[in-house]
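Below is one structure, written out as structure tokens, with a few remarks after it.
The values are calculated or read from the model by the stated rules, or taken from the named source; none is laboratory data. All values reported here derive from a predicted model rather than from experimental measurement. Positions of Cβ are generated from backbone atoms using ideal geometry, with glycine treated the same way; all protein chains shown enter the neighbour counts.
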Amino acid sequence: MDAPGSLLAALVASGRIVDPILLLVVAEAAFVVLAPDRFGPRAPLLAGLAAGAGLLLALRAGLSGASWPWIAGPLAFAGGAHLAELVLRRAKTLRRREPSATSAEARALGSVSRRHEHMTRPGRPPLPPPAGAGARRA
């Protein structure tokens, strides 16, 4: 049982342990590109995969004893890809966001429109007045 342990130790020491993981990341990126209907917007996903690949390359360089520029380069790439992913996800969120009712007036208008919709349907009894409606001053 020492053979699997020594093989794993050799793979980690040489940095080769990262290679199969990188292959999985490449396969996932290919799947995202080839099956776009399953994932929606692909750009943030691909940017996230690129950031992960950069981190894996930096890990491989560090495990294999490479000099610092060979580690810093993939780390910088991963940071840039992660920043791109954040920007792309933020832009998607801003495009999708709807205004929310936070003030009392907006909430009251929402309840008025619901009451109007309910009251305009034939055969529906009117809704009870909102809570606190009798305590309002003119």
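Would you confirm, using the coordinates I've provided, whether residue 52 is at pLDDT 95 or above, buried (at least 17 other Cβ atoms within 10 Å of the Cβ) and not aliphatic (A, V, I, L, M)?
Values: at pLDDT 95 or above: yes; buried (at least 17 other Cβ atoms within 10 Å of the Cβ): yes; not aliphatic (A, V, I, L, M): yes.
Yes: the conditions hold for residue 52.
Can you confirm whether residue 42 is touching a Pro at 6+ places or on another chain (Cβ under 8 Å) and surrounded by 11 or more Cβ atoms within 10 Å (Cβ to Cβ)? For residue 42, the condition - touching a Pro at 6+ places or on another chain (Cβ under 8 Å) and surrounded by 11 or more Cβ atoms within 10 Å (Cβ to Cβ) - is met.
A search for C-beta distances below 9 Å between a residue of the range 1-27 that is exposed (fewer than 12 other Cβ atoms within 10 Å of the Cβ) and any residue that is of a type in the set (Val, Ile, Thr), counting only pairs 6+ apart in sequence or on different chains, returns 8/17.
Suppose we filter the range 15-32 for residues that are touching a helix residue (DSSP H, G or I) at 6+ places or on another chain (Cβ under 7 Å) and outside any loop (DSSP other than H, G, I, E, B); how many remain? Break it down stepwise before answering.
We begin by selecting, within the range 15-32, every residue touching a helix residue (DSSP H, G or I) at 6+ places or on another chain (Cβ under 7 Å); these are 15, 17-18, 21-22, 25, 28-29, 32.
Narrowing further to those that are outside any loop (DSSP other than H, G, I, E, B): 18, 21-22, 25, 28-29, 32.
So the count comes out to 7.
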